[in-house]
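Below is one structure, written out as structure tokens; comments come after it.
The values are calculated or read from the model by the stated rules, or taken from the named source; none is laboratory data. On a predicted model such as this, the values are computed, not experimentally measured, just so you know. Note: ideal-geometry Cβ built from the backbone for every residue, glycine included; neighbour counts use all protein chains shown. What goes into the accessible areas is simple: the full protein's heavy atoms, side chains included, and nothing from ligands, DNA or RNA. Shrake-Rupley method; radii C 1.70, N 1.55, O 1.52, S 1.80 Å.
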Amino acid sequence: MKNYDELLKEVYEKIHENKEEALFKQEDCEIGGDFLGFLENYELLRQIAPADATILELGCYMAPQVFLFEKYPAYIGVDLDPLKRFSTKNTTHYQMSIQNFLKHEFPALEGKKVFGICSAIPDAAAVAMAEEVCDNILILYPGEKTRLKIDGEYRELRNETGIKIEE
């Protein structure tokens, strides 16, 4: 697995290639420099989610991490924040609450292989709803136990050697 600095470099290279640096200049932008969010969470998701899955990020903010999922069939980002988001050819963004997305848009994904992620989302009710609705989801929040559900079953996180990852 790549470390944070490697992931930061990978994402910045893609941002530069796509000429999207101007997004950092938006008023109220809270990312940039040496912080683009919790990129390690997305590296973990890349290790877990099958390559043919649609990535569903609930609470994506500006989504610089979208560049880590370019090889997946689709990336769907959901967030209430009105800032413009980073995007690739496989990206669809929704500006709405997680709850509204899960109620009104998520049913259209039925039958598709979808893998969700909630990374550092402080809205406990939204995360609980996502955990209930999504059969495949990775939930991470600082100071809390990481939860992984695959095909509706909770699983322990293990590294590439099969050793349980302590949180």
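Of all residues in segment 147-161, how many are open to solvent by less than 40 Å² (accessible area, probe 1.4 Å) and either closer than 17 Å to Ile55 by Cβ or modelled with pLDDT under 95 (or both)?
Summing the residues that are open to solvent by less than 40 Å² (accessible area, probe 1.4 Å) and either closer than 17 Å to Ile55 by Cβ or modelled with pLDDT under 95 (or both) in segment 147-161 gives 4.
Tell me the residue from Leu39, Leu44, Leu7 that is aliphatic (A, V, I, L, M), in contact with a strand residue (DSSP E or B) (Cβ under 9 Å, 6 or more places away or on another chain) and either closer than 11 Å to Pro64 by Cα or modelled with pLDDT of 90 or more (or both), please.
Checking each option against the conditions leaves just Leu44.
Looking at segment 23-34 only, could you name the residues that are open to solvent by less than 100 Å² (accessible area, probe 1.4 Å), touching a residue at least 24 places away in the same chain (Cβ under 8 Å) and either part of a helix (DSSP H, G or I) or more than 21 Å from Pro82 (Cβ to Cβ) (or both)?
Leu23
How many of the residues making up segment 78-135 are charged (D, E, K, R), without any contact (Cβ under 8 Å) to a residue 40 or more places away in the chain and open to solvent by less than 70 Å² (accessible area, probe 1.4 Å)?
Residues that pass the stated criteria total 4.
For segment 95-121, how many residues are of a type in the set (S, T, N, Q) and either assigned to a strand (DSSP E or B) or under 14 Å from Ala74 (Cα atoms) (or both)?
2
In segment 46-63, which residues are surrounded by fewer than 17 Cβ atoms within 10 Å (Cβ to Cβ) and touching a Pro at 6+ places or on another chain (Cβ under 9 Å)?
Listed by number, the residues that qualify are Ala51, Asp52.
Given the criterion under 13 Å from Thr54 (Cβ atoms) and among the hydrophobic types (A, V, I, L, M, F, W, C), identify the matching residue among Leu109, Leu102.
Exactly one residue qualifies, and that residue is Leu109.
Yes or no: segment 40-57 includes at least one residue that is out of contact with any Phe, Trp or Tyr (no Cβ under 9 Å at 6 or more places or on another chain) and not in a helix (DSSP H, G or I).
Among the residues of segment 40-57, not one is out of contact with any Phe, Trp or Tyr (no Cβ under 9 Å at 6 or more places or on another chain) and not in a helix (DSSP H, G or I), which makes the answer no.
Residues Glu43, Glu13, Glu20: which one is without any contact (Cβ under 8 Å) to a residue 60 or more places away in the chain, surrounded by 11 or more Cβ atoms within 10 Å (Cβ to Cβ), in contact with a helix residue (DSSP H, G or I) (Cβ under 9 Å, 6 or more places away or on another chain) and over 17 Å from Ile117 (Cβ atoms)?
Glu13
Just checking, does segment 144-157 include any residue being more than 16 Å from Arg46 (Cα to Cα), of a type in the set (A, V, I, L, M, F, W, C) and either in contact (Cβ under 8 Å) with a residue 40 or more places away in the chain or not in a strand (DSSP E or B) (or both)?
No.
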